[in-house]
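The values are calculated or read from the model by the stated rules, or taken from the named source; none is laboratory data. On a predicted model such as this, the values are computed, not experimentally measured, just so you know. All Cβ positions, glycine included, derive from the backbone under ideal geometry; neighbour counts span all protein chains shown. Side chains are part of the model used for accessible areas, which takes the heavy atoms of the whole protein and leaves out ligands, DNA and RNA. Shrake-Rupley method; radii C 1.70, N 1.55, O 1.52, S 1.80 Å.
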Amino acid sequence: MAAPRESVDGSVRRRRVDGSGRQKETVSNSSDISGEHGGKKDQDPNTEPRPEALQTGTFWLTRIVLLRSVSFIYLVAFTVAYNQNKQLIGENGLMPCKSYLNSVKRYVGGKIGTAALTYTPSILWFMDWSSMDSNLDAMALLGMAVSAFVLVTGMANMVIMVMLWVLYHSLVNVGQLWYSFGWESQLLETGFLAIFLCPVWTLSQVPRGCPPSLICIWTFRWLVVRIMLGAGLIKIRGDKCWRELTCMDYHYETQPVPNPMSYYMHHSPWWIHRFETLSNHFIELIAPFFTFLGRRMCVVSGAIQILFQVVLIISGNLSFLNWLTIVPSLACFDDASLSFLFGSGGGAKKAVLEIQREEAAGRSQKPTRGMMIRRVVNVSLGVLIGFLSVPVVMNLVSSKQVMNTSFDPLRIVNTYGAFGSITKERTEVIFQGTLSPDPKDPNAIWEEYQFLCKPGDIYRRPCLISPYHYRLDWLMWFAAFQTYEQSEWVIHIAGRLLANDSAILSLMDHNPFHNRQTPRWVRGEHFRYKFTEPGSSSAAQGKWWLRKRIGPYFPAVDLEALRGYFQSRNWPHPHIPTNRK
């Protein structure tokens, strides 16, 4: 290679000899020569620059993920409320909330005041009761719209999150039996904590004046720790099958609303069921403590809990419970852990990188008066959660532990648990109707009603609905191992079916008397259900279930026979259909 010659413009010309002996001249800037002789080498123009990594220990992106996750659960919950509230707690529902509020009003002295609000916190007290169905629909629709906004945009403020919390609180507190599940309180507690993730007014994914509080992040972590410990301890203290490692032999078949995977998981080998039970004990009783062992172990704990909840989602229809339990587990991950969820060109990620650069350069924003007030609020939140956690912790360590209980009227800090006991046999209540004038006639043809999801028709494949929730189907599971005297609402349903009530029938999948004469009699039959064996002749016939009649659950009833029963309970007597007059 010949020596380089520098041209007038400062560029350097080099002569090179290629393989054929011909000379080629290349031009380069003289400033590049130093790089070749020991200076800094230029980056290959064909190589894309490596994106800058986020630092650990900040939670800007974590906040966005948490808010979107909470809003998703709110959206599902309000959708369920909109589709089912009128039939369950509406003006003509099975348990009208108006009647419930009136009974509370009488109990506290006949006026709407502090006592009434303390006993049943709900904005329904201040609404016009002349059209309760409209009130319930308006609350549900508003909740759906607001939660959808947060889900889509990833932006929220305290006003929005308080609105969602108050709206759902108002529904839960008048929902009576239909809202008596532990996940309702869990959503309210999660939603309450989400309020403090946000600025008061600002709508921004990355509000610079309101950095995510580590105290608030730890309240979420404390929530998932309590959820898992509560579930694990109630199992160890409850059914002995958890200690004998045999509970999973029954769970998939006897859980409230199985899904298609439940069938196959039930038929897993016995050693898999033992492994599942041992894994359950490890995840619920040991893994939660990883949360307190530094960042890496906290991430491990969060990953374990999320994977566990995903397995539970796959294995059954437990409403939005498992989806909701994933939410506080997300607080175990900081921005560096969750950055893969955000595109490199996304505005949120760029904003967080800029904030981290400024902090690294010592140019972070000086605390404003508002930021100082927020710090006081965050500390107050930590003190409040700590104070309200005292009875919860005492319950956890108690040999008489109770689960799914609130110790304060606003359900801010609660105790949780699930499946402390496992039913070994599955029983179902099947509603049947007949057109026969004599229910004792051996030739009477009894036809079955089918619910939306719970087992009934033995040929029907188990449904897949999670995170959606059919409240009536779930309560029918409880009714099946109680008596109709303990679940009087079952007789209320029977009366509505005799009247061909469209509201109740909307909660069912199949009405055998659709477009026909309404039934003269309705009865409840009690059956024992078992999954068919894969490869058996029953399975080959398309049967998912085998069933055997136990006996009557409640006797055959007609509208006239129910008149006194309904009057004694202040239930409106169903109208006799015109085709029966």
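For the reader, a short list of remarks on this structure follows.
- Some residue of the range 318-328 being crowded, with 22+ Cβ neighbours inside 10 Å, more than 16 Å from P288 (Cα to Cα) and of a type in the set (S, T, Y): yes
- Residue in the range 496-519 that is aliphatic (A, V, I, L, M), open to solvent by less than 10 Å² (accessible area, probe 1.4 Å) and over 27 Å from L546 (Cβ atoms) present: yes
- Condition met for P212 (modelled with pLDDT under 95, buried (at least 22 other Cβ atoms within 10 Å of the Cβ) and not small (G, A, S)): yes
- Inside the range 235-258, residues that are surrounded by 15 or more Cβ atoms within 10 Å (Cβ to Cβ) and either assigned to a loop (DSSP other than H, G, I, E, B) or assigned by the TED database to the domain that holds L464 (or both) make up a count of 9.
- Residue in the range 403-440 that is nearest to I493 (Cα to Cα), counting only those that are assigned to a strand (DSSP E or B) and among the charged types (D, E, K, R): E428
- Failed criterion for V146 (all others in (1) touching a Lys or Arg at 6+ places or on another chain (Cβ under 9 Å); (2) buried (at least 16 other Cβ atoms within 10 Å of the Cβ); (3) within 14 Å of I73 (Cα to Cα) hold): (1)
- Filtering the range 395-406 to residues that are open to solvent by 80 Å² or more (accessible area, probe 1.4 Å) and either in contact with a strand residue (DSSP E or B) (Cβ under 7 Å, 6 or more places away or on another chain) or modelled with pLDDT of 95 or more (or both) leaves nothing.
- Helices (runs of 4 or more DSSP H) completely within the range 259-318 that count 2 or more residues being among the acidic types (D, E), closer than 21 Å to G230 by Cβ and modelled with pLDDT of 95 or more: 270-285
- Tally, over the range 236-290, of residues that are closer than 30 Å to G542 by Cα and of a type in the set (V, I, T): 4
- The residues listed here are T434, T427; of these, the one that is open to solvent by less than 10 Å² (accessible area, probe 1.4 Å) and among the polar types (S, T, N, Q) is T434.
- The range 159-172 - residue that is open to solvent by 20 Å² or more (accessible area, probe 1.4 Å) and of a type outside the set (F, W, Y) and, of those, farthest from C198 (Cα to Cα): V166
- Screening V299 on (1) within 25 Å of C241 (Cα to Cα); (2) surrounded by 15 or more Cβ atoms within 10 Å (Cβ to Cβ) shows it passes everything except condition (1).
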